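The values are calculated or read from the model by the stated rules, or taken from the named source; none is laboratory data. This structure is a prediction, so every number in the text was calculated from the model and none was measured. Don't worry about glycine lacking a Cβ; one is built from the backbone with ideal geometry, like all the others, and counts go over all protein chains shown.
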Amino acid sequence: MQTLREKLHESKEFLFGVELVSIRGSMGTANAVKARTFAGQLVENPRVDWISVTDNAGGNPQLAPQALGRPILYAGKEVVLHLTCKDLNRNGLESKAWLLNSEGFHNVLAMTGDHPASGNERMAKPVFDIDSVGLICMLSKMNAGFDERHEKTQFCIGAVTTNYKLLEGEVVPQYLKLRKKIECGAEFIINQVGFDARKMHELRLYMDDHGIGHIPLIGNVYVLNARAARFYHENRVPGVVVTPALLELCVKHGASPDKGREFFLEFAAKQAAIYRGLGYRGAYLGGLHDANAVRRIMELERQFAADDWKSFAKELRFSRPGEFFYYEEDRESRLADRTRVAQRPKRRTVSGSLLYRLSRRTHHFIFTPGSGRARWGARTVSRSSDPLQGPLVMRAVERVSKSLLYRCKDCGDCSLPDIAFLCPESQCAKNQRNGPCGGSREGSCEVEGIGPCIWLRAYERLKLDGMEDKLLTHAPVVQDQRLRGTSSWANNWLGRDHASKDSKK
Ligand code: SF4
């Protein structure tokens, strides 16, 4: 029996995975029995290469994915378990990873995860101790045996990319983050749910053009129906967009005698065909609860002629007005034209640009490693009575100025220079330190009341100086929680924070 890793690299077949959404309840409940029956039927289907099980999808508490995954694994089918950072800190994630490795779950889809949305009266505290990049780094280190005193795990690490964003400041940072995930050890990529063939093509081309085309890319196919389309259209799932035109189409077909079943299955089969035609390694089917529907999609997809996907791609164009595309449109195919990267118009000023420029200069002046000011700072804080805090007056100046200028929360391991002087602790609901999560909506955070995504703002600030493509060139940031409540200035001068440690590498 081939493992998923072997299939991804050695098989010539176009692969199929199916998503199994966990349930709220224990294994004996009616919903769990339904999910287990569905899983059992999928196990019997030789064309299903793996089954993925979600981890508290949508931020809702559910049965742990390994409970549903075990019978699938024991039946000999490859399982991909989703592992997210929203409910566990890094110790909890490591502990869970050891458990998964011990039980034989070697395929993991590492994600930041959705902000807790419901369950327990929506009172849960989100964790986000690390993000998806931090998690991928951790799993890679586990695969390498940490510090050689530990056994090596065997995780095949998957990651997700969100390629259907609206604005330039969302699209490009998503691509940069994708590169970061691969740099940290992601071995296969699945894209977010979306319905635009030009963006599907663009992702394929972007990976090919940026030296990461060898990483297997799986296309997400969500099987819609009229109800699901309405749900997504109302922005109920962060990062998933159903445009008015697509909603209209779904409602129209949903009114047919079979509630549009055959139409929606064919629609899904066409998406899978487009992915195959574009050179993706496989398709990942979601939104299904019925093994016959899975079989039907595969059957329909097989019946298409080799070039049919090209005409399907012309139909599957549900982008939004003013949507940014990395490549210009090819007039004939209506897909991306790899020879023409889109112009990204320059701006002279954006909100906060004065503070950004001033902060950058000041930071450079005071904290450049090896400079006279940095040596003076290190001497001053190390001679103070508490080198974790530095001299009292200096600490007071730091707290007041950073609190007023950046809404600093005194985490002690400062990421301001990594995010164009925007604080992830106070202005990012998920404390993302390695690029944006996939949840932003038209540039705003998925969590109400937060406002524009800091990564979009950071991108726009860097763009003022033509530095936008360097947004994530720094080493992966894994925040040091031991430094909370200590002086970030002292930590930088004395080489305790992530930035000073990275500068020495
Ligand atoms: S020290 Fe931490 S909380 Fe304060 S500005 Fe920097 S990242 Fe934000």
Exception for residue 398 within (1) buried (at least 16 other Cβ atoms within 10 Å of the Cβ); (2) assigned to a helix (DSSP H, G or I); (3) within 29 Å of the chain's Cα centre (by Cα); (4) touching a residue at least 40 places away in the same chain (Cβ under 8 Å) falls at (3)
By residue number, the members of segment 3-60 that are within 20 Å of residue 100 (Cβ to Cβ) and without any contact (Cβ under 8 Å) to a residue 24 or more places away in the chain are 6
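From the list 92, 113, 69, which residue is part of a loop (DSSP other than H, G, I, E, B) and either in contact (Cβ under 8 Å) with a residue 12 or more places away in the chain or not hydrophobic (A, V, I, L, M, F, W, C) (or both)? Quick ask: steps written out before the conclusion?
Numbers: 92 fails: part of a loop (DSSP other than H, G, I, E, B); 69 fails: part of a loop (DSSP other than H, G, I, E, B).
The conditions single out 113.
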Quick one: which residue in 65, 46, 61 is modelled with pLDDT under 95 and farther than 14 Å from residue 289 by Cα?
-> 61
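How many residues does segment 406-418 hold that are near the ligand (Cβ under 8 Å from one of its atoms) and either under 16 Å from residue 134 (Cβ atoms) or not in a loop (DSSP other than H, G, I, E, B) (or both)?
Here is the first cut: in segment 406-418, the residues near the ligand (Cβ under 8 Å from one of its atoms) are 406-416.
Restricting the remaining residues to those that are either under 16 Å from residue 134 (Cβ atoms) or not in a loop (DSSP other than H, G, I, E, B) (or both) gives 406, 411, 413, 415-416.
The number of residues fulfilling the criteria is 5.
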Just wondering, is there one or more residues in segment 424-441 that are surrounded by fewer than 19 Cβ atoms within 10 Å (Cβ to Cβ) and more than 16 Å from the ligand (Cβ to nearest atom)?
-> yes
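Can you pull out the residues in segment 116-154 that are more than 23 Å from residue 238 (Cβ to Cβ) and assigned to a helix (DSSP H, G or I)? Outline the logic, then answer.
The first filter runs over segment 116-154 and keeps only residues more than 23 Å from residue 238 (Cβ to Cβ), leaving 137-154.
Scanning segment 116-154 gives 137, 138, 139, 140, 141, 142, 143.
Is it the case, given these coordinates, that residue 382 is in a helix (DSSP H, G or I), hydroxyl-bearing (Ser, Thr, Tyr), modelled with pLDDT of 95 or more and within 16 Å of the ligand (Cβ to nearest atom)? Walk me through it before giving the result.
Details: in a helix (DSSP H, G or I): yes; hydroxyl-bearing (Ser, Thr, Tyr): yes; modelled with pLDDT of 95 or more: yes; within 16 Å of the ligand (Cβ to nearest atom): no.
No.
Among the candidates 344, 357, which residue alone is more than 16 Å from the ligand (Cβ to nearest atom), surrounded by 13 or more Cβ atoms within 10 Å (Cβ to Cβ), more than 20 Å from residue 493 (Cβ to Cβ) and assigned by TED's automatic domain parsing to the domain that holds residue 452?
Working: 344 fails: assigned by TED's automatic domain parsing to the domain that holds residue 452.
Answer to the check: 357.
Counting just the residues of segment 116-149 that are free of Cβ contacts under 8 Å to residues at least 12 places away in the same chain and either under 21 Å from the mean Cα position of the chain (by Cα) or under 17 Å from residue 92 (Cα atoms) (or both), which one comes out surrounded by the fewest Cβ atoms within 10 Å (Cβ to Cβ)?
Just the residues of segment 116-149 that are free of Cβ contacts under 8 Å to residues at least 12 places away in the same chain, to begin with: 121-123, 125, 141, 144-149.
Now drop any that are not either under 21 Å from the mean Cα position of the chain (by Cα) or under 17 Å from residue 92 (Cα atoms) (or both), which leaves 125, 141, 146.
Values: 125: 8, 141: 17, 146: 14.
In this case the residue turns out to be 125.
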Answer yes if at least one residue in segment 361-372 is surrounded by 15 or more Cβ atoms within 10 Å (Cβ to Cβ), at pLDDT 95 or above and either hydroxyl-bearing (Ser, Thr, Tyr) or within 16 Å of residue 486 (Cα to Cα) (or both), and no otherwise.
-> no
Kindly indicate which of 446, 468 is within 18 Å of the chain's Cα centre (by Cα), more than 16 Å from the ligand (Cβ to nearest atom) and among the acidic types (Asp, Glu).
-> 446
Can you tell me which residue within segment 11-47, out of those that are within 18 Å of residue 156 (Cα to Cα) and under 26 Å from the mean Cα position of the chain (by Cα), is surrounded by the most Cβ atoms within 10 Å (Cβ to Cβ)?
-> 17
